[in-house]
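Undergrad: Please read through the structure below; I'll follow up with questions.
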Amino acid sequence: MSIFLHFINKKICDFKNIILQKIAIIINKITLGKMAEGSVILGDCFDVLAAMGQREADLIYLDPPFFTQKEHKLSTRFTEKTFSFSDTWSSNYEFALYMQKRIKLMHFHLKETGALFVHCDTNSNYIFRIILNNIFGKENFRSEIIWVYKRWSNTSKKLLPNHQYILYYTKSHNYTFHKTYLDYSPTTNLDQNLQKRNRDNRNKSVYTKDKDGNIILENVKKGVPLSDVWHIPLLNPKAVERVGYPTQKPVLLMENILKIFSNEGDLIVDPFCGSGSMLVAAKLMNREYFGIDSSKEAVSVAQKRLDEPKKTTSFLTKRDYTFYNNINDMIRHKLVGVDCNFIRRNKGIDAILKTQIKSKNVFIRLQRHNESVQSAVDAIEKAVASKGGSINIVILSDINNGEFVKPRTKELTYLIEDIPTMISKITSSLE
Ligand SMILES: C[S@@+](CC[C@H](N)C(=O)[O-])C[C@H]1O[C@@H](n2cnc3c(N)ncnc32)[C@H](O)[C@@H]1O
């Protein structure tokens with residue numbers, strides 16, 4: 001009898017628990033459903049997404065732990081706090097199951113026309129590809145975007161890792177894609193730009209001709225279609241948007257994703273939002289958004305950023321690397337055969353010789369086309385002022401007319417047209 005009563009009591013208890021649980025889920029659905037947009041929610045994204053009514057997201061971007069097997073730690077300028085999050089796992093199987101469970105839910109919350117982007121690196125890209133192919137279908141894989149950045153560091157015995165991946169899948173074949181073009185490379189000539197092309201019978205690209213054999217011109221082409229390799233700089237230590245969150249991503253990178261794959265008013269979701277870089281980009285670009293993070297500190301820093309969303313607009317991020325390559329193309333041309341390192345982002349110096357001459361660094365500047373010789377000399381001398389004794393070389397462009405130049409500093413400044421011969425002259429004059 002008592003066993004029977006215990007059984008009945010337990011059933012009533014279970015029933016009560018189930019009812020309470022259901023009520024909690026309904027309340028969560030109503031509150032989360034209403035409150036989600038424009039907010040940052042604290043919690044495991046699995047629990048939060050499971051408790052929500054279907055969200056119909058247009059774009060989900062996740063930058064989850066990468067299976068680095070590390071504790072990520074960094075401090076912020078907002079508080080004295082050190083931010084951290086854990087990325088340690090017992091096996092890649094555990095990691096895969098954890099991610100699969102969450103990505104399945106994200107797939108459920110995507111609109112039929114929606115897209116999902118997974119940010120990862122070589123530690124886990126192979127795991128994510130399998131999970132994503134299973135959930136989205138191989139046919140809905142669109143691109144593996146390679147984010148390339150410059151980083152200077154002495155790594156151990158391996159190539160310096162300078163890229164990460166953003167895996168892009170869509171829920172169906174109907175999706176948003178705004179075609180984007182980049183400028184042609186500086187070596188593209190006007191003819192290549194204007195002349196119409198088609199394919200010959202061997203499928204080779206040839207210029208289109210009219211019946212009299214004249215080449216047909218067309219409107220200027222829009223440029224080179226954007227590829228899946230994106231050169232976007234890492235945040236520099238002084239960037240205004242940097243908040244000191246470990247692995248914080250540049251808003252510029254997030255904006256690129258939104259610009260190409262979403263529209264104003266779309267709902268953007270970041271379920272591992274960290275310091276909220278994607279949410280900041282979404283807010284700046286008039287998208288609806290919400291983020292989730294399991295760390296209290298992350299939620300608070302993301303909320304703070306959203307109160308006053310900022311994006312770094314440094315010279316470097318505005319111009320991208322190709323700008324520097326253009327200057328460098330001229331310098332490289334002049335310095336063929338000279339063993340030197342090219343210097344970027346310095347107003348006065350373009351290159352430095354890899355070996356010193358008589359224990360002095362040798363700095364090089366190429367005179368610009370719109371620059372007087374005196375200005376070129378002044379520029380290099382100003383730039384080396386704090387660099388100790390040096391030898392400075394200004395390579396003259398073809399436009400100086402015997403202009404008289406007065407070096408202003410005690411450093412040696414040489415004006416030359418042919419650098420390899422000049423270097424041997426400088427060396428012998430210092431013997
Ligand atoms: C790589 S960071 C994201 C960085 C972010 N993109 C930024 O720019 O600041 C990964 C974030 O995922 C959070 N996280 C880890 N597991 C989570 C989970 N199950 N649900 C929600 N957030 C989680 C961590 O707290 C961490 O903030």
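Undergrad: Please verify whether Arg142 is of a type in the set (Lys, Arg) and either within 14 Å of Tyr165 (Cα to Cα) or within 11 Å of the ligand (Cβ to nearest atom) (or both), treating the condition exactly as stated. Before the answer, list the steps.
TA: Numbers: of a type in the set (Lys, Arg): yes; either within 14 Å of Tyr165 (Cα to Cα) or within 11 Å of the ligand (Cβ to nearest atom) (or both): yes.
Taking the combined requirement at face value, the residue satisfies it.
Undergrad: If the Cβ limit is 9 Å and pairs must be 6+ apart or interchain, which residue in the range 105-117 that is in the same structural domain as Gln54 (by TED's automatic domain parsing) pairs with which residue that is assigned to a strand (DSSP E or B) and of a type in the set (Lys, Arg)?
TA: Qualifying pairs under 9 Å: Ala115/Arg142.
Undergrad: Restricting the search to the range 273-298, which residues are over 17 Å from the mean Cα position of the chain (by Cα), within 12 Å of the ligand (Cβ to nearest atom) and hydrophobic (A, V, I, L, M, F, W, C)?
TA: Ile292, Ala298
Undergrad: Condition (residue is hydrophobic (A, V, I, L, M, F, W, C) and modelled with pLDDT under 90) applied to the range 290-313: is it met by at least one residue?
TA: First, the residues of the range 290-313 that are hydrophobic (A, V, I, L, M, F, W, C): 290, 292, 298-299, 301-302, 306.
Now drop any that are not modelled with pLDDT under 90, which leaves none.
No, the range 290-313 contains no residue that is hydrophobic (A, V, I, L, M, F, W, C) and modelled with pLDDT under 90.
Undergrad: Which of the residues belonging to the range 248-267 are surrounded by fewer than 19 Cβ atoms within 10 Å (Cβ to Cβ) and either not β-branched (Val, Ile, Thr) or not in a helix (DSSP H, G or I) (or both)?
TA: Within the range 248-267, Lys259, Asn263, Glu264, Gly265 meet the criteria.
Undergrad: Quick check: anything in the range 160-175 at pLDDT 95 or above, part of a loop (DSSP other than H, G, I, E, B) and loosely packed, with under 12 Cβ neighbours inside 10 Å?
TA: Among the residues of the range 160-175, at least one is at pLDDT 95 or above, part of a loop (DSSP other than H, G, I, E, B) and loosely packed, with under 12 Cβ neighbours inside 10 Å, which makes the answer yes.
Undergrad: Moving to a separate point now. As an exercise: evaluate Glu112 against (1) within 15 Å of the ligand (Cβ to nearest atom); (2) closer than 27 Å to Tyr175 by Cβ; (3) among the acidic types (Asp, Glu) and give the number of the one condition it does not meet.
TA: Every condition holds for Glu112 apart from (1).
Undergrad: Can you tell me which residue among Asn361, Asn346 is in contact with a Leu (Cβ under 8 Å, 6 or more places away or on another chain) and not charged (D, E, K, R)?
TA: Asn361
Undergrad: Within the range 33-43, track down each residue that is surrounded by 14 or more Cβ atoms within 10 Å (Cβ to Cβ), outside any strand (DSSP E or B) and modelled with pLDDT of 75 or more.
TA: Residues satisfying the conditions are Ser39, Gly43.
Undergrad: For the structure I just gave you, tell me whether Ile268 is within 21 Å of Thr313 (Cβ to Cβ) and either free of Cβ contacts under 8 Å to residues at least 12 places away in the same chain or assigned by TED's automatic domain parsing to the domain that holds Glu112 (or both). Lay out the reasoning, then the answer.
TA: On the way: within 21 Å of Thr313 (Cβ to Cβ): no; either free of Cβ contacts under 8 Å to residues at least 12 places away in the same chain or assigned by TED's automatic domain parsing to the domain that holds Glu112 (or both): yes.
Considered against the rule, which asks whether it is within 21 Å of Thr313 (Cβ to Cβ) and either free of Cβ contacts under 8 Å to residues at least 12 places away in the same chain or assigned by TED's automatic domain parsing to the domain that holds Glu112 (or both), Ile268 comes out as no.
Undergrad: Now a separate question. Return the only residue of Thr88, Thr68, Thr79 being at pLDDT below 95, within 14 Å of the ligand (Cβ to nearest atom) and either closer than 18 Å to Gln248 by Cβ or surrounded by 14 or more Cβ atoms within 10 Å (Cβ to Cβ) (or both). Step through it out loud before you land on a result.
TA: Working: Thr88 fails: either closer than 18 Å to Gln248 by Cβ or surrounded by 14 or more Cβ atoms within 10 Å (Cβ to Cβ) (or both); Thr79 fails: within 14 Å of the ligand (Cβ to nearest atom).
Testing whether each residue is at pLDDT below 95, within 14 Å of the ligand (Cβ to nearest atom) and either closer than 18 Å to Gln248 by Cβ or surrounded by 14 or more Cβ atoms within 10 Å (Cβ to Cβ) (or both) leaves just Thr68.
The values are calculated or read from the model by the stated rules, or taken from the named source; none is laboratory data. The shown structure was predicted, so the numbers you read here are calculated from the model rather than taken from an experiment. Every residue, glycine as well, gets a Cβ built from its backbone with ideal geometry; the counts of neighbours run over all protein chains shown.
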